Amino acid sequence: MKTINVGIDLGTTYSAVATFDAASGKVEILKNDIGEEITPSVVCIEDGETLIGQEAKDQQAAGNLNAAAFYKSMMGDPYFARTLDGKSYDAEMLSGVFLKNLKTSVEKANGVNISGAVITVPAYFNEAQRQATIRAGTKAGFNVLKIINEPTAAIIAYGLTGGGKKTAMVYDLGGGTFDVTIAKIDGAQVDVIATNGDHQLGGRNWDKTIVDEIVDRFQDEFGVDIAANKEDYTELVVRCEKAKKQLSNVPATTVTVRSEGFSGQYTITREEFEEKTRRLMAETIMLTEKCFEELGNGFGWHSIDEIVLVGGSTRMPQVLDTIRKKFGKEPRTIGSKVDTIVASGAAMQAHLCVAGSITLSMGGGAAKSSGASGPISLTIDSGSIRDVTSHGLGMLAFTADGKNIINSIIIKKNSNVGVPYGKSYNFGGDKLQVFVLQGESTSPYDCTLLYKYVVSGMKRGEKNNFTINFLYDQNGVVEVTGSLSDGTALKVEKSAVTESIADIIARLLREKEEAAKKAQVDVAFAIDTSGSMYGAPIDEAKKSILEFVAQLGEDAKTSVISFANSSSWLCKEAKKSEVSAAVRRLDADGGTSADPLDFYRREKRKTDANRILVVLTDGEWFHQDDAIRSADRLKADGVKIYAIGVGDADYDFLRKIASPGEAKKIDLSKLVATFREIADGIATESSGSFTSLG
Ligand code: AMP
């Protein structure tokens, strides 16, 4: 048996399957097992038996509550569920059941095996809806080659076989979704430049106006609310859809309704219907013109060379009339192909996915570039079709003043998919968390929070230069990767987010405030001013302090203690600019070294900041045990003590008062460098404690 790859238009109301035949260079629409090119996207499960398509639709029309339709527009919605045959199904499961049975039906009817499939989705589908579609296809037993946008598929099928150079627009009004897509076509090259739409706007909204009208009239006539009876209501919905279709061909039609033993007959005219649905038509025009606006540069109806009407609902005369009026020219209608063009484009794409290129055999008039007479063929490769994203992508980020969190847009709507957008970081921490949102607004509340990514693998203890790349892959699905400036890949872990946006923002602001407090440096220098420090030692000490302070942030607090026979403050919690005056007053004026630690402990206020005490001495202290005890208490309180000895200092003692590993006995000539090293370490450490969002 022949194994083939197919394109599937998984429609809200109808689905179609097609395959590309490389030998003939043409697309073939694959019929289902009852000989139809299109299959209603309806599932009915009853007594353990599954029906799809027309049979399921008939059940739905008869009011069978074990039948489900229109589930596609609920894809990715965690709250949607339908109970069929006593079991609960979400939209993804229903799509999976439908696709699996459609596969079997088409295989049986055509004597083939279907392996790979390109499945189409409305361009406006978001991350959750695309992911759900991929999973449904996989569950149905397909090797999902790709997910492509319905209008793009239509453009591929129509645009490529049309050839030439033009700007084309696809106006796609289906059963449950509306999409508008604009593309520049140049021979085999198709560049989608903009897309817009609404996945809750389609033929069923038009149906609903008739349904509502009849419910009202029935209520007026018999005092019975049909909507209260699920079975009768479902039946009415199916009849109204039928009536709507009739109104596309005749000026008036009648709908018969039965409920609670009453029977009513109501006539609906096309004029009334068009009047009632005018605002729905206007909505599609508004979305189309918004798409022009997003393109800017005065893009308008005049900028378009051709408009193609796709989707079953474009059969309504009001669509053609409205577009004709706006466009000023005749849009292209594709007759019976309106239901299958999307599947055809998907079939071409499926062939492109597996073969890398595709050669189409076309009718006359197109691909003038070939310059030859006779049958014309056009070869395209996978790079010839460039699509765009219908949703911006951003991440939570602090505003410049650090007081608020916004959605910082990384990938704008209508940007090409398949292109990575990098964001550079110079960051001192070893973990970075990134919250990714889908949407166009800078307000996170208007966007959909997708995932949290935790990026790790940075080198510890230093600031790292790295890039995080954000990408919409060819399926329009989000991918995030990271790498250090030397090319080493960073680890990126993706997880679902369970907190609400409001909770996350509140938490991040709180964490930032706490981290900022901790990152604030509160440093005190205790400088030995006993007689032996006179001359070079005290001069070096002054230089060292000034160099140290120069490396601190503007909001660092600095204190200087001079200690000999007793201790005193030369400055206390001073600003950077005030330190040099205090340092100038440092003078080794005699006496012997006394303990400055107890003094610091008693006289220095406790703060939330990062408290650091740098002790410099050149001799042995009296009462060393008391000093060690004071040091222990300070360390227990979170003060970090650096003990630096020059001259006759006792290293063993310094080790006892310092924080672990922070005692040093050095040559005087190394003093400035040693202080600089400590200051460097503090700078890296404090920036590392931030929960930075870049
Ligand atoms: P699609 O999702 O593209 O298959 O479109 C299906 C939608 O087209 C459904 O809402 C149908 O009711 C609608 N439709 C199909 N044929 C007609 C017609 N002749 N007139 C009006 N609407 C139609």
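The values are calculated or read from the model by the stated rules, or taken from the named source; none is laboratory data. Small disclaimer: the values here were computed from a predicted structure and weren't measured. FYI the Cβ positions are ideal-geometry reconstructions off the backbone, even for glycines, and counts take in every protein chain you see. Please note that ligands, DNA and RNA were not included when accessible areas were found on the heavy atoms of the full protein model with its side chains. Shrake-Rupley method; radii C 1.70, N 1.55, O 1.52, S 1.80 Å.
List of remarks:
- For PHE273, the requirement of being more than 30 Å from ASP186 (Cβ to Cβ) and loosely packed, with under 14 Cβ neighbours inside 10 Å is not met.
- Scanning segment 18-52 for residues that are within 13 Å of the ligand (Cβ to nearest atom) and either in a strand (DSSP E or B) or surrounded by 21 or more Cβ atoms within 10 Å (Cβ to Cβ) (or both) yields a total of 5.
- Filter pass, GLU213 being in contact (Cβ under 8 Å) with a residue 12 or more places away in the chain, more than 16 Å from the ligand (Cβ to nearest atom), of a type in the set (D, E, K, R) and surrounded by 17 or more Cβ atoms within 10 Å (Cβ to Cβ): yes
- Listing of strands (runs of 3 or more DSSP E) fully contained in segment 88-180 that carry 1 or more residues being away from the ligand (no atom under 16 Å from the Cβ) and over 23 Å from GLU479 (Cα atoms): 112-121, 165-173
- Condition met for ILE307 (open to solvent by less than 10 Å² (accessible area, probe 1.4 Å), part of a helix (DSSP H, G or I) and more than 13 Å from the ligand (Cβ to nearest atom)): no
- THR254 being polar (S, T, N, Q) and in a helix (DSSP H, G or I): no
- Residue check, GLU440 open to solvent by 30 Å² or more (accessible area, probe 1.4 Å), not polar (S, T, N, Q), not assigned by TED's automatic domain parsing to the domain that holds LYS184 and not in a strand (DSSP E or B): yes
- Any hit, segment 600-610, residues being open to solvent by less than 40 Å² (accessible area, probe 1.4 Å) and of a type in the set (Ser, Thr, Tyr): yes
- The set of residues from segment 1-17 being within 16 Å of the ligand (Cβ to nearest atom), at pLDDT 95 or above and of a type in the set (Val, Ile, Thr) comprises ILE8, VAL17.
Let's see how each residue does on (1) within 30 Å of SER495 (Cα to Cα); (2) touching a Lys or Arg at 6+ places or on another chain (Cβ under 9 Å):
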| position | (1), (2) |
| --- | --- |
| GLY137 | yes, no |
| THR152 | no, no |
| ILE156 | no, no |
| MET169 | no, no |
| ASP172 | no, no |
| GLY175 | no, yes |
| ILE185 | no, yes |
| ARG204 | no, no |
| ASP212 | no, yes |
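- Residue match in segment 194-202 (condition: within 26 Å of TYR14 (Cα to Cα), surrounded by fewer than 15 Cβ atoms within 10 Å (Cβ to Cβ) and within 15 Å of the ligand (Cβ to nearest atom)): yes
- Taking the criterion of being buried (at least 16 other Cβ atoms within 10 Å of the Cβ) and of a type in the set (Val, Ile, Thr), the only residue of segment 453-466 that qualifies is VAL455.
- Residue within segment 235-252 that is more than 15 Å from the ligand (Cβ to nearest atom), surrounded by 13 or more Cβ atoms within 10 Å (Cβ to Cβ), over 28 Å from THR181 (Cα atoms) and not β-branched (Val, Ile, Thr) present: yes
- Pairs, first under 20 Å from GLY647 (Cα atoms) in segment 615-630, second among the aliphatic types (A, V, I, L, M) and open to solvent by 40 Å² or more (accessible area, probe 1.4 Å), C-beta under 9 Å, six or more apart: ASP618/LEU668
- Here is the figure for segment 419-429: residues that are surrounded by 15 or more Cβ atoms within 10 Å (Cβ to Cβ) and over 15 Å from MET395 (Cβ atoms) total 2.
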